[in-house]
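Data block below; observations after.
Derivation of every value follows stated rules applied to the coordinates shown; laboratory data play no part. Keep in mind it's a predicted model, so treat the numbers as computed, not measured. Positions of Cβ are backbone-derived with ideal geometry, glycine not excepted, and every protein chain shown enters the neighbour counts.
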Amino acid sequence: MVTKPQRAERRTDALSKERIVEAAIGILDADGENALTFRALAARLVTGSGAIYWHVADKNDLLAAAADTVIARVMAEVVGDTEPQEAIRGIAVGVFDAIDARPWVGTQLAREPWQAAMLRIWEGIGGQLGALGVAEDARFNSSSALVSSILGLAAQYAAVMQLAPRERDRSAFLETIASRWAQCDPVQYPFVHQIAQQLPEHDDREQFLAGIEILLAGIETLY
């Protein structure tokens, strides 16, 4: 009896942009941005690159969509009857934790201020400032200060991850900075010399939240 050769196993569920983005997030989380190629994505989805290009224009489009998906989930958690200040804290710490868990998100946020993920952050914080009672003509400056703090975090993480992409390297990286700062002239750079001792053991999250509290206190006092 002659048997027909079996066909290679193919993906049976419909391909969509959502599935493509989720697969991209999986690759980014596991192996970083350099590992995200359309060939790797096609292999994971058991499809051809052409089918993926039908849904996303290029890698930049894919990275933007992946970051937007992550930030959209952060924003979705800040809902309900939360007080405006608590909501702003929730957005800030949510973005921090997202970048901490997925440094590629920080790299992406630092690239384009007009991307959808950034629009979500601006809208979320600006809306909560309105609910807080900040006057409309002061809302832009206030939201800009808060968003700039978040963007500063994104840029910092992006830079650190380029120099120290693994956790153990990051600790060594901070030790190197602290060592160099400690060698600065204590007369010319007394403050830098002082904080060099705190740098290796400081808590990034705690420091970030302290900055948000300073900004919120200033906004409440001024506006």
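Divide by every residue of the chain the summed helix terms, -39500 (n - 2.57) for each DSSP H run of at least 4, and state the resulting mean residue ellipticity at 222 nm, rounded to the nearest 500 deg cm²/dmol. Walk me through the numbers on the way to the answer.
Details: 11 runs with 157 residues, N = 223.
The helix-only estimate for the chain comes to -23000 deg cm²/dmol at 222 nm.
So what J values fall out for segment 17-34 if you push phi through Karplus, 6.51 cos²θ - 1.76 cosθ + 1.60 with θ = phi - 60°, rounded to Hz, Gly and Pro as x?
With coefficients 6.51, -1.76 and 1.60, one gets 4, 4, 5, 5, 5, 4, 5, 5, 4, x, 5, 4, 5, 7, 10, x, 5, 5 Hz.
Quote the FRET efficiency, to the nearest 0.05, computed for GLN207 versus SER16 with a Förster distance R0 of 41 Å and r equal to the Cβ-Cβ distance.
Details: r = 40 Å, r/R0 = 0.98.
Once the sixth-power term is evaluated, E becomes 0.55.
Using mean Cβ contacts within 10 Å as the protection proxy, how do 190-196, 96-102, 212-218 order, highest first?
Working: 190-196: 13.4, 96-102: 18.3, 212-218: 15.0.
So the peptides 190-196, 96-102, 212-218, ranked by packing, come out 96-102, 212-218, 190-196.
So what is the relative contact order of the chain, in percent, for Cα pairs below 8 Å that sit 6 or more residues apart?
Details: 190 pairs, mean separation 36.7, N = 223.
Worked out over the chain, it gives 16 percent.
Given 10 °C and 1.306 mPa s, compute D for the chain with the Stokes-Einstein relation, Rh being the Kirkwood radius over Cα pairs; round to the nearest whole µm²/s. Please report the intermediate quantities before stating the final value.
Numbers: Rh = 20.1 Å.
The calculation lands on 79 µm²/s.
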